[in-house]
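Enquirer: Got a structure here, written out as structure tokens. Questions coming.
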Amino acid sequence: MMIKAGKQLILTLIISPECLILLIGWGIWKYAREQLNSVAAALPSNGEMIQHLALLPVGLFVWLLKEGKDILFPGNSEENKRLVQWPDYWRLKLTFGVAVIYGFLFSVAGVLVWVLGWKVNEARGFGLLMLSLIGALTVSGTVYFAKIKEKEVLTKLLE
């Protein structure tokens with residue numbers, strides 16, 4: 001079971017939209033830094049705006065944690081019982097754990113831009129901020145749609 005869970009963890013980490021966001025971000029940084037710098041240089045540097053944008057992924061991460069509790073324990077005792085007894089419940093927990101890892105990673109990236117005082121009109125500040133925002137929105141969207149799908153399935157099961 002441990003090897004199966006390890007394989008599933010690696011697959012879930014790699015085969016995800018969040019991993020794709022990281023790969024695209026790395027590719028842009030590696031191969032299109034000049035273009036990134038051109039876009040960043042055209043933006044005004046507003047410290048307060050950056051502070052608020054940089055903290056948005058943290059807010060989304062807090063929301064993610066709250067939603068995760070609702071996904072793992074969706075509501076009434078019958079729904080919870082059905083879900084916890086599901087043979088693949090461990091995969092749901094593992095997948096949510098991966099979402100937490102990515103959410104935390106993107107939150108830290110946003111906070112780093114703010115704490116380190118990186119300017120949005122420079123490539124590294126702009127690139128990391130955009131990676132943080134797009135990544136956090138992707139994780140949140142994934143969790144949001146997973147919760148909707150779970151509600152649909154549980155509603156059909158309990159009819």
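Enquirer: Can you give me the distance in nm between label points at Val39 and Lys81, each placed 7 Å from the Cα along the Cα-to-Cβ direction?
Expert: In this crude label model, Val39 to Lys81 measures out at 5.2 nm.
Enquirer: Once you sort the root eigenvalues of the Cα gyration tensor of region 68-159 as a ≥ b ≥ c, which label holds: rounded (a/c under 1.5), prolate (a/b larger than b/c) or oblate (the other case)?
Expert: It is prolate, given that a/c is not under 1.5 and a/b is the larger ratio.
Enquirer: What relative contact order, as a whole-number percentage, does the chain give when Cα pairs under 8 Å and 6 or more residues apart are counted?
Expert: About 36 percent, as a whole number.
Enquirer: Okay, next question. With runs of 4+ DSSP H residues as the only contributors, calculate the mean residue ellipticity of the chain at 222 nm using -39,500 (n - 2.57) per run, divided by the residue total and rounded to the nearest 500.
Expert: The helix-only estimate for the chain comes to -29000 deg cm²/dmol at 222 nm.
Enquirer: Something else: Round to the nearest 0.05 the FRET efficiency obtained for Leu72 and Arg124 when R0 = 30 Å and r is the Cβ-Cβ distance.
Expert: That pair, Leu72 with Arg124, gives E of 0.25.
Enquirer: Here's something else I'd like to know. Could you work out what % of the accessible surface of the chain is carbon and sulfur, using a 1.4 angstrom probe and leaving DNA, RNA and ligands out of the count?
Expert: 70
Enquirer: Give the lysines reachable from Lys156 as a straight Cα distance under 19 Å; neighbours fewer than 8 places away on the same chain don't count.
Expert: Lys81, Lys147
Enquirer: Given (1) 10.1; (2) 11.4; (3) 10.8 as candidate values of mean projected area of the Cα convex hull in nm², which corresponds to the one derived from the coordinates?
Expert: (3)
Enquirer: Of Lys4/Lys66; Lys93/Lys149; Lys30/Lys119, which ones are farther than 21 Å apart at the Cα?
Expert: Lys4/Lys66, as the Cα separations exceed 21 Å there.
Enquirer: Mind checking the full-extension length gain between Trp29 and Met49? Use 0.36 nm per residue of separation minus the Cα-Cα distance, one decimal, nm.
Expert: 4.9 nm
The values are calculated or read from the model by the stated rules, or taken from the named source; none is laboratory data. Treat the numbers as computed from the prediction; the structure is a model and nothing was measured. Cβ: placed from backbone, ideal geometry, glycine included. Neighbour counts: every protein chain shown. Ligands, DNA and RNA are excluded from the accessible area calculation, which covers all protein heavy atoms including side chains. Shrake-Rupley method; radii C 1.70, N 1.55, O 1.52, S 1.80 Å.
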